[in-house]
1. May I ask for the Kirkwood hydrodynamic radius of chain B, worked out over all distinct Cα pairs and given in angstroms to one decimal?
2. Order these peptides, B:82-94, A:116-128, by their mean beta-carbon neighbour count within 10 angstrom, highest first.
3. When only C-alpha pairs under 8 Å and at least 6 residues apart count, what is the relative contact order of chain A, in percent?
4. How many Cβ atoms of partner chains, on average, are near each residue of A:145-151 if near means within 10 Å of its Cβ?
5. Within a 10 angstrom radius of each residue's Cβ in B:27-36, how many Cβ atoms of other chains show up on average? Whole number is fine.
6. On average, how many beta carbons from a partner chain sit within 10 Å of the beta carbon of a residue in B:118-128?
7. Order of B:65-72, A:96-103 by packing, highest average Cβ count within 10 Å first?
8. What is the packing order of peptides B:20-27, A:140-147, taking the mean over residues of other C-beta atoms within 10 Å and listing the highest first?
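Values in this text are rule-based calculations from the coordinates and carry no lab data. Source: prediction; values computed, not measured. Here the Cβ is made from the backbone with ideal geometry for all residues, glycine too, and neighbour counts use every protein chain on show.
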2 protein chains.
Amino acid sequence: MPNEPSEPASTIRPGEVAIALPARADAGIFFIGTIRTPWQTRAECPKRGSPDGPICTIELDERWRAALTGLADHRRVQVLYWMHHARRDLVLQTPYRTGKTTGTFALRSPVRPNPIASAYVDLVAVTGTSIEVRGLDCLDGTPLVDLKPERTRDGEPGTR
Amino acid sequence: MPNEPSEPASTIRPGEVAIALPARADAGIFFIGTIRTPWQTRAECPKRGSPDGPICTIELDERWRAALTGLADHRRVQVLYWMHHARRDLVLQTPYRTGKTTGTFALRSPVRPNPIASAYVDLVAVTGTSIEVRGLDCLDGTPLVDLKPERTRDGEPGTR
């Protein structure tokens, strides 16, 4: 089924520990767009994005259009997105690949208190509110949280 | 005054454009800890963090303690935090330093729809729920959103 994780969110593996989440959130996230990729299930997603990978298209919501001004001058972009299928309550996890139980903050697993991913991608083109990039590895339909130019060694691309 | 930005949030500079934010948030963020730094105002904060900078202490909330298991094996950590004093409604900004009006997504300014910062820091020590790091540049009292090991070229530090 499109956009479903490859295993149910309720699966707990040996060694894993779930805790009670806080009763309420402390701040709100706006989903500002949608990421289009070729991958409909977690099993299909590459283990990590590659600059040789397919072009993926970030569709920004019209409301934020003007905020793209000047983005095309940058070659590398940091993308933050929301891993909307991930459970948030595991403090210890046992990754399938290693079988070794480890703390959530010692992993880059999607399962974490705030399921925000950070990826650096090559910017291919900006056309209206469509941003073409290479290097993503997320599910089709993933909500976009932020875009920033990659920080460079010789200067900050515009602090306030 | 501690924790206040160095200029009022309502300041709009020449060329800047504010829009109406969405009526409601799409997802909720849990603040999972607090970042302790020497800097009480934006004016005091360094322009960017440095590995030669002072040790800062991330105080993780007790609820997430077990999730630190194994973190001390990593030398470099990515820290996500919430820039809680930043306004969220500017799509065009005119940074003080350059005076050039640019789109929000072409800047790393704290002012953005979702004011999440990403920093890479050197891990100094993990003691209970206190994590000492070097390389931050944020205000004292900044809410913590996530900790992840830095991604390395030769392998992924634990996907799920």
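1. Computed over chain B, the radius equals 17.1 Å.
2. The peptides rank, most packed first, as B:82-94, A:116-128.
3. Normalised by residue count, the contact order of chain A is 35 percent.
4. The mean count of partner-chain Cβ atoms within 10 Å per residue comes to 6.
5. Mean inter-chain Cβ contacts per residue within 10 Å come to 5.
6. 1
7. Ranking the peptides B:65-72, A:96-103 by packing returns B:65-72, A:96-103.
8. With the highest mean Cβ count within 10 Å placed first, the list reads A:140-147, B:20-27.
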